[in-house]
Amino acid sequence: MSSRRSRSRQSGGSRISDDQINDLVTKLQQLLPELRDRRSDKVSAAKVLQETCNYIRNLHREVDDLSERLSELLATTDTAQAAIIRSLLMQ
């Protein structure tokens with residue numbers, strides 16, 4: 001018995017079939033820019049999960065960078081303009 005199945009039975013959780021896992025991995029692959037266009041190439045689930053982790057890390061870095069740039073921009077604009085920008089961001 002695979003370790004995944006053993007853990008599922010031990011934890012009392014519902015089992016996900018291999019077909020369901022494959023379907024989820026395929027859907028995830030289509031969300032990733034690096035793998036989206038590789039429909040003809042067979043990509044392993046491990047590769048999809050690794051690319052997902054990389055993509056999320058990159059998104060976090062982008063968000064941090066944009067937040068820092070926005071903070072710098074707000075610090076250099078006058079109070080009225082900064083208030084307008086903040087109100088637009090809160091919508």
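Distance between the 7 Å Cα→Cβ label points at L28 and V63: 1.8 nm. Once neighbouring chains are kept in place and the probe is 1.4 Å, which whole percent of the accessible area of the stretch 12-78 is contributed by carbon and sulfur? Its accessible area is 51 percent carbon and sulfur atoms. Note that the stretch 59-75 has calculated 3J(HN,Hα) couplings of 4, 4, 4, 4, 4, 4, 5, 5, 5, 5, 5, 5, 4, 5, 5, 5, 5 Hz, one per residue in order, obtained from phi through the Karplus relation 6.51 cos²θ - 1.76 cosθ + 1.60 (θ = phi - 60°); glycine and proline are x. Listed values for the stretch 24-31 are Karplus-derived 3J(HN,Hα) couplings in whole Hz (6.51 cos²θ - 1.76 cosθ + 1.60, θ = phi - 60°), namely 5, 5, 5, 5, 5, 4, 6, 8, and x replaces Gly and Pro. Taking label points 7 Å from Cα along the Cα-to-Cβ direction, I84 and I56 give a separation of 3.9 nm. At a probe radius of 1.4 angstrom, the accessible area of the stretch 48-91 per residue rounds to 84 square angstrom.
The values are calculated or read from the model by the stated rules, or taken from the named source; none is laboratory data. All values reported here derive from a predicted model rather than from experimental measurement. Counting neighbours? That spans all protein chains shown, and the Cβs are built from the backbone with ideal geometry, glycine included. Side chains included, ligands, DNA and RNA excluded: accessible areas come from the protein's heavy atoms. Shrake-Rupley method; radii C 1.70, N 1.55, O 1.52, S 1.80 Å.
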